[in-house]
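Undergrad: Shown below is the structure under consideration.
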Amino acid sequence: MINIGTYIEQFINWLTLNFGSFFNLIKVVVESVVNSVEWVLMFPPFYIVIALIAFLAWKRTGWGLTVFTILGLGLIWGMGYWDQTMATLALILSAAFIALLMGVPLGIWAAKNPTAGKVIRPVLDLMQTMPAFVYLIPAVLFFGLGKVPGAFATVIFAMPPAVRLTTLGISQVPASIVEATRSFGATPRQLLFKVELPLALPTILAGVNQTIMMALSMVVVSAMIAAGGLGEVVLKGITQLKIGLGFEGGIAVVILAVILDRITQSFGAKKLAKA
């Protein structure tokens, strides 16, 4: 019998024992980021936040999403889940930012280096197909309970679309444009930042949208390790068999998902239209 789980467990325990100070540093940094974003979202009165998000929705998509945003966020406030929604939004934005910060450079590297691409691709397959609950085990061992392990698990689950779509966008830049740019004496840095990334931006922005949606899908899973937010509301509804509570939390998640999806989609759609 091949006990792969035993070796993985030993490796995780070895990391915990030998890199405890490193994980503590990561915990402090990530916790500071999440708490800062949460403070920014919770400091203004709810109607100011709703007005700002509605204004962004109007600028990006028009009146339809604006009305939905006002009514939807107003409903969330009326149900009494405003603080939980802002906590969830802070966790999603923080985790998505970290995932993009790591995922976009990895995607560029995979597009530029075929060997790196061959190594990164199966790792992404593993990250996407592994049940999300499995990520919670090392997350708790490394960081304990709370928002940080929730963010850690969310980053792992949400990062693959950013890497894949960045790689796809860079790879789809026409070879004729790349060769013409090089023939004019452009350096690799100029080629990347002035030609390849601008042309690949619509695809990369689609990756941003997918990363945020994947992060949102981890809301309930993260609540299992005390990450809080709307996931905790839904989880209580499940564990306590309170159908109304579960549906209220689910409705709030759906409203937040629609708003985030439509706004982030609009950036990629407008870039594509300009192209």
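The values are calculated or read from the model by the stated rules, or taken from the named source; none is laboratory data. Keep in mind that this is a model prediction, so the values were computed, not measured. FYI the Cβ positions are ideal-geometry reconstructions off the backbone, even for glycines, and counts take in every protein chain you see.
Undergrad: Tally time: how many residues in region 9-30 are touching a residue at least 24 places away in the same chain (Cβ under 8 Å) and either among the aromatic types (Phe, Trp, Tyr) or in contact with a Gly (Cβ under 6 Å, 6 or more places away or on another chain) (or both)?
TA: Residues meeting the conditions: 1.
Undergrad: Mind telling me which of the residues Ala90, Ala139 ends up being at pLDDT 90 or above, surrounded by 20 or more Cβ atoms within 10 Å (Cβ to Cβ), under 22 Å from the mean Cα position of the chain (by Cα) and of a type in the set (A, V, I, L, M, F, W, C)?
TA: Ala90
Undergrad: Additional query: When only residues in region 185-197 that are in contact with a helix residue (DSSP H, G or I) (Cβ under 9 Å, 6 or more places away or on another chain) and in a helix (DSSP H, G or I) count, which is modelled with the lowest pLDDT?
TA: Here the residue is Pro188.
Undergrad: Assuming Phe19 fulfils every condition listed in (1) within 20 Å of the chain's Cα centre (by Cα); (2) surrounded by 13 or more Cβ atoms within 10 Å (Cβ to Cβ); (3) more than 16 Å from Leu256 (Cα to Cα) apart from one, which condition is it?
TA: (1)
Undergrad: Scanning region 41-82 for residues that are aliphatic (A, V, I, L, M) and out of contact with any helix residue (DSSP H, G or I) (no Cβ under 8 Å at 6 or more places or on another chain), which turns out surrounded by the most Cβ atoms within 10 Å (Cβ to Cβ)?
TA: Checked region 41-82; the qualifying residue surrounded by the most Cβ atoms within 10 Å (Cβ to Cβ) is Ala51.
Undergrad: State all residues of region 144-184 that are touching a helix residue (DSSP H, G or I) at 6+ places or on another chain (Cβ under 6 Å), among the β-branched types (Val, Ile, Thr) and part of a helix (DSSP H, G or I); if no residue qualifies, say none.
TA: Listed by number, the residues that qualify are Val148, Thr154, Val155, Ile156, Val163, Thr166, Thr167, Ile170, Thr181.
Undergrad: Here is a list: Ala206, Ala227. Which entry is in a loop (DSSP other than H, G, I, E, B), aliphatic (A, V, I, L, M) and under 19 Å from Val155 (Cα atoms)?
TA: Unique residue meeting the criteria: Ala227.
Undergrad: Restricting to region 45-84, what's the tally of residues that are in contact with a Leu (Cβ under 6 Å, 6 or more places away or on another chain) and in contact (Cβ under 8 Å) with a residue 40 or more places away in the chain?
TA: Number satisfying all stated conditions: 2.
Undergrad: Turning to a different aspect of this structure: Answer yes or no as to whether Leu136 is assigned to a helix (DSSP H, G or I) and either among the hydroxyl-bearing types (Ser, Thr, Tyr) or in contact with a helix residue (DSSP H, G or I) (Cβ under 8 Å, 6 or more places away or on another chain) (or both).
TA: When the stated conditions are applied, Leu136 passes them.
Undergrad: Restricting attention to region 100-121, does a residue exist that is in contact with a Ser or Thr (Cβ under 9 Å, 6 or more places away or on another chain), small (Gly, Ala, Ser), modelled with pLDDT of 90 or more and closer than 22 Å to Thr88 by Cβ?
TA: yes
Undergrad: Within region 121-133, can you find the residues that are in a helix (DSSP H, G or I), out of contact with any Lys or Arg (no Cβ under 8 Å at 6 or more places or on another chain), without any contact (Cβ under 8 Å) to a residue 60 or more places away in the chain and under 23 Å from Glu9 (Cα atoms)?
TA: The answer is Pro122, Val123, Asp125, Leu126, Met127, Gln128, Thr129.
Undergrad: Residues in region 1-16 that are among the β-branched types (Val, Ile, Thr) and surrounded by 11 or more Cβ atoms within 10 Å (Cβ to Cβ): how many?
TA: Count: 3.
Undergrad: If you go through region 238-258 one residue at a time, do you hit one that is over 20 Å from Gly150 (Cα atoms), among the basic types (Lys, Arg) and part of a helix (DSSP H, G or I)?
TA: no
Undergrad: Still on this structure, please answer the following. Looking only at region 1-52, filter to residues that are assigned to a loop (DSSP other than H, G, I, E, B) and at pLDDT 85 or above; which one of those is nearest to Gly78 (Cα to Cα)?
TA: This residue is Pro45.
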